[in-house]
1. Can you spot the lysines whose alpha carbon is less than 19 Å from Lys123's alpha carbon? Ignore those fewer than 8 places along the same chain.
2. Arrange the peptides 36-43, 75-82 so that the one whose residues have, on average, the most other Cβ atoms within 10 Å appears first.
3. Across the stretch 14-65, how large is the tail of the calculated P(r) beyond 17 Å, expressed as a percent of all Cα pairs?
4. Mind listing P(r) for the stretch 136-194? All alpha-carbon pairs, 5 Å bins, whole percents.
5. For every other residue with a beta carbon closer than 13 angstrom to the beta carbon of Ala153, add +1 if it is Lys or Arg and -1 if Asp or Glu, then tell me the sum.
6. List the residue ranges in the chain for DSSP H helices whose C-alpha atoms run 24 angstrom or more along the long axis and whose Kyte-Doolittle average is -0.5 or above.
7. Determine the equivalent ellipsoid of the stretch 78-205 by diagonalising the alpha-carbon gyration tensor, then write out the semi-axes as square roots of 5 times the eigenvalues, largest first, rounded to whole Å.
8. Accessible area per residue, 1.4 Å probe, Å², for the chain: what's the number?
Amino acid sequence: MSDEENIVDPSHPRYESLMIRKKVAEAGVKGMLADSAMIAHGRGEAFDYLLGEQTIPSAREATKEAAARLVRARKPVLSLNGNAIALAGQEFLTIASQLDCPVEINIFYRTPERMGALLGHLKMLNTKLGLDVEILGGVPDARIEGLEGPRGACQSNGIFEADTILVPLEDGDRCEALVAMGKEVLVIDLNPLSRSSRGGTVGIVDEVTRVAKNLIQMIPQKPQPTDWNNNQALQAALNHITTSMSDRFA
Ligand code: ATP
Ligand code: MG
């Protein structure tokens, strides 16, 4: 990345979004991400643009529901991929310490170098925040049933035994496999149409850094879980997009 590309002008109307993109670019330079990470991020950005780059009411409700289910869980875990760590690693460690649960690094394209870079980054943040959150994923000893290869690798005292898993930016296959194992799967994904959003127990259609900050506010309030209707919440997100689009040229 050139120095020119690195400078984001605070007066830009979409400053926040550009700053978030910059974090992904910088994590890429540090070897934390696969080459496809920026493409996945761009897909999210497109949906965020359509949502108005804000937490819409149905997403706030979904975040509250996820907070409630994480608080209720017997064995919760936060499953983190490269983009989630790059964008909100600090916030996820804070959430894990609020819940007294581990985080588990789980990446689509697993290489020792990327795992090392992500583990190192989280350890550095743990120290910086003065936290002692358990960071799993480095020594997988169990498998997510139905997933071949390194994508199915997980840790028995983390994802494998968890009853409730928060999965930001998850691939649809993995989300479906975790649901098939009987787990409650709380998804963060800006695309209300993705397989992850549709397949999870609760789909939060919002940008991962905004969700993480909202969870930090909501978890101490100990909200109560409800009979969550995921399809209804996803439809509300889609309606928000189409309504705001049709009003745009009025
Ligand atoms: P699926 O596999 O669930 O059908 P997909 O193949 O389109 O979805 P993946 O690349 O597997 O997508 O997963 C990445 C998902 O993360 C995308 O749906 C994208 O919208 C979403 N996403 C990307 N960046 C962010 C972000 N910053 N916050 C929230 N969601 C994001
Ligand atoms: Mg996918």
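1. Excluding near neighbours in sequence, the set is Lys23, Lys30.
2. Ranked from most to least packed, the peptides come out as 75-82, 36-43.
3. Summing the P(r) of the stretch 14-65 above 17 Å gives 46 percent of all pairs.
4. That works out to 4, 19, 29, 29, 13, 5, 1, in percent per bin.
5. 0
6. Values: long enough: 112-129 (25 Å, -0.06); 230-247 (26 Å, -0.43).
Once both thresholds are applied, what remains is 112-129, 230-247.
7. Ellipsoid half-lengths, sorted descending, are 22, 16, 14 Å.
8. 48 Å²
The values are calculated or read from the model by the stated rules, or taken from the named source; none is laboratory data. No experiment lies behind these values; they were computed from the predicted model shown. Every residue, glycine as well, gets a Cβ built from its backbone with ideal geometry; the counts of neighbours run over all protein chains shown. Protein only, heavy atoms only, side chains kept; ligands, DNA and RNA dropped before computing areas. Shrake-Rupley method; radii C 1.70, N 1.55, O 1.52, S 1.80 Å.
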